[in-house]
Each structure stands twice: as structure tokens, then as C-alpha cells.
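The values are calculated or read from the model by the stated rules, or taken from the named source; none is laboratory data. What you see is a predicted model; the values in this text were computed from it and never measured. Because the Cβ atoms are built from the backbone with ideal geometry, glycine has one as well, and the counts that use them run over all protein chains shown. SASA here: full protein model, heavy atoms, side chains in, ligands and nucleic acids out. Shrake-Rupley method; radii C 1.70, N 1.55, O 1.52, S 1.80 Å.
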Amino acid sequence: MSILSLARPEIVALKAYSHASWDPALDRLHANELPWRAETDRSLAGLNRYPEPHPHVLAERLAALYGVRADQLLPGRGSDESIDLLLRGFCRAGVDNVVICPPTFGMYAVAARIQGAAVREVPLKAEQGFALDTDAVTAACDANTRIVFLCSPNNPTGNAIEPASITKLLKALAGRALVAVDEAYIEFSGDTSLTGQLEQYPHLVVLRTLSKAYGLAGARVGSLIASPEIVQLLGKVIPPYSIPQLTIEAVLHTLAPVQLTIQRERVAQIVAERERLRAGIAAAKGVRRVWPSVANFLLVDFEAPDRVLAAARDAKLLIRDMRNVSPYSLRISVGTPEQNDRLIRSLS
Ligand SMILES: *Cc1c(COP(=O)(O)O)cnc(C)c1O
């Protein structure tokens, strides 16, 4: 049975928008663009021209980065758009539901509610280091469950989900629902991506982003990695020209081999700083618990989080209020050594 039997029938039947043809070798008198660049335009291709409707060079470059085939990857405007595309492609408004495992990234529930999909919550087990409750997730799924969202390493808790529990869930939900695993922080963990299991599990979707480890949050580039059937389906839902030309050029520059070497060194530096920051925070007064983290942030429980937020602000630092996780919780991103020192000093 095709995985598309889980998708919205009207999207499966949808005919893709027919965009102006793309042939960079010819002069373009077919898209009603201005034939001249703006005076200030420093781009390679010219911002007077529409970008490639579905940027294949970008998809190929990202596929090489993530070790998958280009037909398994759909680039979008950040993982936020990948999440939205999944919801719009697979969930019938007022009928279908998704399962999330809080505390986790807020966009899964927001995108579901925008699409009119119900949100079922199966909390991670805090007492077991925010482990996945595989049996409870399986039990929460019914015939109208379309997507289970997992985040590994998880935001805001910082732990990775046990690969064995993800495999168990993939087995239990084969043919029943998509399992979307958001790997936004995996570069900081050193763990292996689940993309190696795509052939075995056609209902697996992996989300990657350039926003965290690659320092391109402002460019907005995420990758939805899945079976070619899913990629083709969602390629009809994403608007043509959705990735701006400046973003395409920024990515191709940033992913040049010499840049990648620098990027890996920076990730290693953030990982070292994370451990230094953890030790500094753990030694401060008023700290109840620093949760283990394999990401580029720490979830910390403080006796008086309101005082810590205010002290950080006085030190000109923003940290994240996470009192929805527990009354004590704040999330702190790993910064430069100087910023981390300033944060530690603000605690004393
Ligand atoms: C930051 C983050 C993302 C990245 O979203 P983009 O839209 O790609 O910037 C995705 N998932 C999680 C869990 C995040 O924390």
C-alpha cells in the first residue's frame, strides 16, 4: 500500500501549479520581470529575476550534505515550513490528529491547529530523563492519526530520544501514520541521523535545518527528507519560488568545503563551551538541576527563575522562560565564551 493512502486525497489529486519554464541559457521575456537589476543588487543571478521555482541545485547540495538522494529531499523556508507542509499534506481539517510529546518544540502544535488537526499529547517521561513513552504514543494513535512528531535532540530538554524506542515506534506505526523526527540539533550530539532508515520505513520523515549548527537562521533553510512519494506530494503544496535567490546563494557559499571545515570547528567549540557552561551553572547558588544536554542549549531548573531572568537581563542577556516545563525551568543557549562567562557571573 502506498504511503500516500495516508495523505489528503485532494492533495494527491492536485495538479501542480504550472510555472514559467526555467532555462537559464535563454533570455527571459516570459515572466514579466524587469530586464535590469536594481543599482544596489550584488547577487550573482540578479534579483530582478525570479529564482528557480523548485531549486534543484540547492536540493542536490543539501542532499549531498545529508547523505541522501535529491529525490528524497524537499528544501523549504526553515523546518517551520517543512512542519507546515506535512500538516497540510496529510491532515484533513476537523478529522485527523497528530501526536506530540511535550515538553517539546511549539511549532508542531501551532501548525496542527492552523490546519485544523487535533493535537494529542503524550508527555516525555521526566523522571527518566525525558525518555519517549513508546507504548503510550502507540496507544494514543487511532485510525485518524496522521503524524507523530518526535524531536531528537529534543528542544527544550536537550536529550536525544533512544534510537531503539524510535525504531520500536516505527515498527508499531508502519502503514498507520508518519513518524516525523526533527533533528534540528543533531550536529551538536554527534549521533547518526535516522536518514539511513528511510528505505526500510517509508513512513519515516526526517527534518534537518541550517538554522542551528550552520549559522544560517536568517537565511531560512530547512530540509524535509522522506520517500520520493512524500517529497513529490509536498512539492505540489510548497509555493513555487519559495526559496529566495539570496538564500540559495548564501547556502551554496556556506556549504563550500572550506567553510564546512570551519563550521565543524565551531560546532566542536560550542560543545566544549556547553560543558564549561554546565559546570559554571552547576556550581552557582540557587540551581536545582542542570539537565543533561547533547544540543547547543541547557535546560536548567533554578530556585528563583524570575530572579535569574532579571539578573541575566541586567547583564544584557536574554534567556528563555520555560516555566511551562516546570515552575523552575529556564533554557540557556550556549554563546561565545565571553557571553557564557557573563551569564555565569550574573548568577552570583
Ligand atoms: C530551532 C528549531 C528548528 C529550526 O526551525 P527553522 O524553521 O529551520 O529555523 C526546528 N526544530 C526545532 C526543534 C528547533 O528548536
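The table below lists the values:
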quantity	calculated
Cβ pairs under 9 Å, 6+ apart, first in the stretch 88-111 and within 26 Å of Ala160 (Cα to Cα), second within 12 Å of the ligand (Cβ to nearest atom) and of a type in the set (Ser, Thr, Tyr)	Val98/Tyr108; Ile100/Tyr108; Pro103/Thr157; Thr104/Thr157; Phe105/Ser79; Met107/Ser79
Number of positions in the stretch 264-297 that are part of a helix (DSSP H, G or I) and surrounded by 16 or more Cβ atoms within 10 Å (Cβ to Cβ)	9
Condition check for Asp182: of a type in the set (Asp, Glu), within 16 Å of the ligand (Cβ to nearest atom), within 23 Å of Arg8 (Cα to Cα) and open to solvent by less than 30 Å² (accessible area, probe 1.4 Å)	yes
Residue match in the stretch 152-169 (condition: in a strand (DSSP E or B) and touching a strand residue (DSSP E or B) at 6+ places or on another chain (Cβ under 9 Å))	no
Any hit, the stretch 302-310, residues being surrounded by 16 or more Cβ atoms within 10 Å (Cβ to Cβ) and assigned to a loop (DSSP other than H, G, I, E, B)	no
Selection within the stretch 188-216 - within 12 Å of the ligand (Cβ to nearest atom) and either without any contact (Cβ under 8 Å) to a residue 24 or more places away in the chain or of a type outside the set (A, V, I, L, M) (or both)	Phe188, Arg208, Thr209, Ser211, Lys212, Tyr214, Gly215
Output for the stretch 122-151, where each listed residue is within 16 Å of the ligand (Cβ to nearest atom) and in a strand (DSSP E or B)	Ile147, Val148, Phe149, Leu150, Cys151
Options Tyr17, Tyr50; residue that is surrounded by fewer than 16 Cβ atoms within 10 Å (Cβ to Cβ), aromatic (Phe, Trp, Tyr) and touching a residue at least 40 places away in the same chain (Cβ under 8 Å)	Tyr17
Neighbours by Cβ (under 8 Å, 6+ apart or cross-chain): first from the stretch 334-347, surrounded by 16 or more Cβ atoms within 10 Å (Cβ to Cβ); second of a type in the set (Asp, Glu)	Val334/Glu273; Gly335/Glu273; Asn340/Glu273; Ser346/Asp314
From Ala219, Ala177, Ala112, residue being modelled with pLDDT of 95 or more, more than 20 Å from Val68 (Cα to Cα), in contact with a His (Cβ under 8 Å, 6 or more places away or on another chain) and buried (at least 18 other Cβ atoms within 10 Å of the Cβ)	Ala177
Sole exception among (1) small (Gly, Ala, Ser); (2) at pLDDT below 95; (3) buried (at least 18 other Cβ atoms within 10 Å of the Cβ) for Ala45, by number	(3)
Cβ pairs under 6 Å, 6+ apart, first in the stretch 161-183 and more than 24 Å from Ala295 (Cα to Cα), second in a helix (DSSP H, G or I)	Ala172/Thr138
Failed criterion for Gly76 (all others in (1) touching a residue at least 60 places away in the same chain (Cβ under 8 Å); (2) within 14 Å of the ligand (Cβ to nearest atom); (3) surrounded by fewer than 18 Cβ atoms within 10 Å (Cβ to Cβ) hold)	(3)
Qualifying residues in the stretch 64-73 (those that are outside any loop (DSSP other than H, G, I, E, B) and surrounded by 19 or more Cβ atoms within 10 Å (Cβ to Cβ)) - the one nearest to the chain's Cα centre (by Cα)	Leu73
Answer residue from the stretch 79-101, given it is of a type in the set (A, V, I, L, M, F, W, C) and open to solvent by 40 Å² or more (accessible area, probe 1.4 Å) and is farthest from the ligand (Cβ to nearest atom) among those	Val95
Residues being closer than 24 Å to Cys91 by Cβ and of a type outside the set (S, T, N, Q) - total across the stretch 121-134	6
